[in-house]
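Report on the following structure.
Rule-based calculations on the coordinates, nothing more; no lab input. Just so it is clear, the structure is predicted and the values come from calculations on it, not from any experiment. Because the Cβ atoms are built from the backbone with ideal geometry, glycine has one as well, and the counts that use them run over all protein chains shown.
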Ligand SMILES: [Cu+2]
């Protein structure tokens, strides 16, 4: 009986193994194909999110990286403004629990400070749809190399949504990196190395114990053997005095180690506070972002071969000055009207279409005037940034921010969004 079962199990295991190998091969091929289609090994996933998610959730603008070349230990800042878009998709929960972070390839720079709405924000934030927030992130360079560093907002259920990224060159050596902080008791420690010996010790200890535990039970007839004993109704016989001794011994041993070392740690560090969690509310938004401009979306289409989004709006200028449409920004990708932006803009080139905005009528809209204008955002970066994926979304909609400029230098902006019809034929 046992023998028949054993051979059945072996056959099953063989089939299973064959399937696993096939799956592994498929995954491997897929991974290689994925890397090949990305083209460079430098990308770190910022383009992998759905187009609608990147366009309709967050509007990052006025982004600045204070330095692009720094030494290890040197601090630099990412500053900007963040609009929580009205077009926020239903697929993602609104950012009532969100965390402002940076997206970088590992801890190449440590995040020292995050300021949102003028206040230090060390925890999760509750941000409101339709509001805009000014932010500042202070980073300290840690690992030498050339790294792409993004602002990023992690949203509960939506995951991390990266903003625009910039290449930062860090010079020097990580061996020189220091991260001193003064504790509440007045002593200064280096966070980079603080308690590192204990961290290694604990990992090693539990690794050895865990491995010994697994090894012991595996050596006792192995997993399949024990399974067969249980399956044939002889499970009770598996647990003899030796098994009980080992089980109780391990339990008592682990509890003793935890208890004794907890007492030792509590004596060594009498004043501790728990890791701080919780959600900060009432974050101060930017006051009065409403433009004296009324915009009605009349419709638009996205031409897949031409990589252009043409959207028609009826725009009423209620400002006292004439206005010109100078910029459209979506998912951090900036389309500039070269007639308005006559000078070079300091912004990462991969997301700057500096001649990408074309208007059906480029003359300024006078005060009180209403005009119907088709605004075309055209650039290969739609494809490179994989935003043209909007044509394949179940809800082909775009969202972005339009910027208007007056002769006296005032800048207004307004969110625009709507459905677009994808077009797959050129011309
Ligand atoms: Cu990047």
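A few comments on the model shown:
- Among 138, 108, 248: highest mean-square fluctuation, GNM of the chain, C-alpha pairs under 10 Å: 248
- Antiparallel bridge percentage (DSSP; both residues within the chain; nearest 5): 90 percent
- Alpha-carbon centroids, the range 236-260 and the range 399-427: separation in whole Å: 68 Å
- For the range 281-340 versus the range 134-189, the gap between their alpha-carbon centres in whole angstrom: 32 Å
- As a proxy for reagent exposure, 211, 177 were ordered by neighbouring Cβ count within 10 angstrom, fewest first; the result is 211, 177.
- Within the listed set 313, 269, 341, the residue fluctuating most in the Gaussian network model of the chain (springs between alpha-carbon atoms under 10 angstrom) is 269.
- Rg/Rh ratio calculated on Cα atoms of the range 223-286 (Kirkwood radius): 1.40
- The chain: relative contact order as a whole-number percent, Cα under 8 Å and 6+ apart: 16 percent
- Taking a ≥ b ≥ c as the square roots of the eigenvalues of the alpha-carbon gyration tensor, the range 335-383 is classed oblate because a/c is 1.5 or more while a/b is no larger than b/c.
- Rounded tilt (10° steps) of 2-38 against the dominant C-alpha axis of the chain: 30 degrees
- Between helix 196-219 and the chain: long-axis angle, C-alpha atoms, 0 to 90°, nearest 10: 50 degrees
- Cα gyration tensor of the chain - equivalent ellipsoid semi-axes, whole Å, descending: 54, 31, 20
- Cα-based helix-to-principal-axis angle, 241-268 vs the chain, degrees rounded to 10: 50 degrees
- Computed Rg/Rh of the range 108-216, alpha carbon atoms with Kirkwood Rh: 1.08
- Residues 378, 221, ranked from the fewest to the most other C-beta atoms within 10 Å, line up as 221, 378.
- The average projected area of the range 293-423, computed from the convex hull of its Cα atoms over all directions, is 7.4 nm².
- Exposure proxy ranking for 142, 324, based on other Cβ atoms within 10 angstrom of each Cβ and starting from the fewest, stands as 324, 142.
- Largest GNM mean-square fluctuation among 301, 379, 361, using the chain with Cα springs under 10 Å: 361.
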